Protein chains: 2
Amino acid sequence: MELFSDEYYMNEALKQAQIAFEEGEIPVGAVIVSKNKIIARAYNQTEKLNDVTAHAEMIAITSAANYLGAKYLPECKLYVTLEPCTMCGGALFWSQIGKVFYGAEDPKRGFRKTNVGILHPKTELQGGLLAQESEKLLLDFFKKLRN
Amino acid sequence: MELFSDEYYMNEALKQAQIAFEEGEIPVGAVIVSKNKIIARAYNQTEKLNDVTAHAEMIAITSAANYLGAKYLPECKLYVTLEPCTMCGGALFWSQIGKVFYGAEDPKRGFRKTNVGILHPKTELQGGLLAQESEKLLLDFFKKLRN
């Protein structure tokens, strides 16, 4: 089985964010990887689904659990282009996911603003992966929205 | 239109929790009320759906938005038998729901353990509604699980 880099997987998450962009959704994308294989791809669909809970991470968690037939994801890695919000951080806690990589930081809505560890104690965390690319997509989106 | 009390609606949420209990799910139930009408009823289905995100509140929020054809729920009230967790608190933030009533407290997983206001600043909060009934159902469930 070929091994891919973390940048490769984050780039796949960015492709999901690009789809969101093209569909008029806030461009956030995510993939979940199990044993070097992408088992879930998702992008933010809050507008299309008319559902505030339809963040990329939430859809990816549900999709990965479906794929694996298992509720918990301790051997999985999530790659998401934006720091997860409190809701998604809480969902990641319940999933017991192995590692979370995120791209751009979200100081306003990101889960890291709270005083308590929102993620599961066994979940590793790494931020800043392809952060510039992710941030550029978000800035482009909001610039386009204003025009 | 007949007006019902908050206890009436919380009792309807307890009925949902009872269904969860009977289906072997952690017994938490919720209803969402708009203009004195129950527009969503839901109970925890994490086992049945094999999905850690399938909490009663999450399902109720999605369901209420579907019913109203609107993503935001500022004129709605949520009645949930247990204090929402961080994930559900985050989802309630995004929904901008008007008021949250909960029954039993959840000091370990409840959203109130964080230092930042997780709910939307316009969301009112009232705890302790039929708390004993809700707690009894949860205690009975875990007692049954241990036996």
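No lab work stands behind these numbers, since they all come straight from the coordinates. For clarity, every value in this text was computed on a predicted model and none was experimentally measured. Neighbour counts run over all protein chains shown; Cβ positions are idealised from the backbone, glycine included.
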Out of A:Gly103, A:Gly89, which single residue is farther than 27 Å from A:Leu3 by Cα and not in a loop (DSSP other than H, G, I, E, B)? A:Gly89
List pairs: first residue in the stretch A:59-72 and facing chain B (nearest Cβ under 9 Å) and of a type in the set (Phe, Trp, Tyr), second residue assigned to a helix (DSSP H, G or I) and surrounded by 18 or more Cβ atoms within 10 Å (Cβ to Cβ) anywhere in the structure, Cβ distance under 9 angstrom, at least six positions apart or on different chains. A:Tyr72/A:Ala65; A:Tyr72/A:Trp94; A:Tyr72/A:Ser95
Residue among B:Asn66, B:Asn50 that is part of a loop (DSSP other than H, G, I, E, B) and more than 12 Å from the chain's Cα centre (by Cα): B:Asn50
Specify which of the listed residues (A:Cys76, A:Cys85) is under 12 Å from the mean Cα position of the chain (by Cα) and not small (Gly, Ala, Ser). A:Cys85
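Residue-wise test of (1) farther than 22 Å from A:Phe93 by Cβ; (2) among the β-branched types (Val, Ile, Thr); (3) surrounded by 21 or more Cβ atoms within 10 Å (Cβ to Cβ).
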site: A:Ile19; (1), (2), (3): yes, yes, no
site: A:Glu22; (1), (2), (3): yes, no, no
site: A:Ile32; (1), (2), (3): no, yes, yes
site: A:Ser63; (1), (2), (3): no, no, no
I'm trying to understand the selection: among the residues of the stretch A:42-54, which are surrounded by fewer than 21 Cβ atoms within 10 Å (Cβ to Cβ), touching a residue at least 12 places away in the same chain (Cβ under 8 Å) and touching a Gly at 6+ places or on another chain (Cβ under 8 Å)? A:Glu47
A:Leu130 being within 16 Å of B:Thr86 (Cβ to Cβ) and not β-branched (Val, Ile, Thr): no
Specify which of the listed residues (B:Glu83, B:Glu75) is among the acidic types (Asp, Glu), under 16 Å from A:Val52 (Cβ atoms) and in contact (Cβ under 8 Å) with a residue 40 or more places away in the chain. B:Glu75
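Within the stretch A:104-114, can one find any residue that is surrounded by fewer than 21 Cβ atoms within 10 Å (Cβ to Cβ) and farther than 26 Å from B:His120 by Cβ?
No, the stretch A:104-114 has no match at all.
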Restricting attention to the stretch B:77-110, the residues that are among the aromatic types (Phe, Trp, Tyr) and either touching a strand residue (DSSP E or B) at 6+ places or on another chain (Cβ under 6 Å) or more than 10 Å from every other protein chain (Cβ to nearest Cβ) (or both) number exactly 3
Got at least one residue in the stretch A:124-147 being touching a strand residue (DSSP E or B) at 6+ places or on another chain (Cβ under 7 Å), farther than 19 Å from A:Glu7 by Cβ and touching a residue at least 12 places away in the same chain (Cβ under 8 Å)? no
Please specify each residue of the stretch B:41-53 satisfying the condition of being out of contact with any Lys or Arg (no Cβ under 8 Å at 6 or more places or on another chain) and not charged (D, E, K, R). B:Ala42, B:Tyr43, B:Asn44, B:Gln45, B:Leu49, B:Thr53
Note: among A:Tyr79, A:Tyr9, A:Tyr102, A:Tyr72, just one is under 14 Å from A:Glu135 (Cα atoms) and among the aromatic types (Phe, Trp, Tyr), namely A:Tyr102
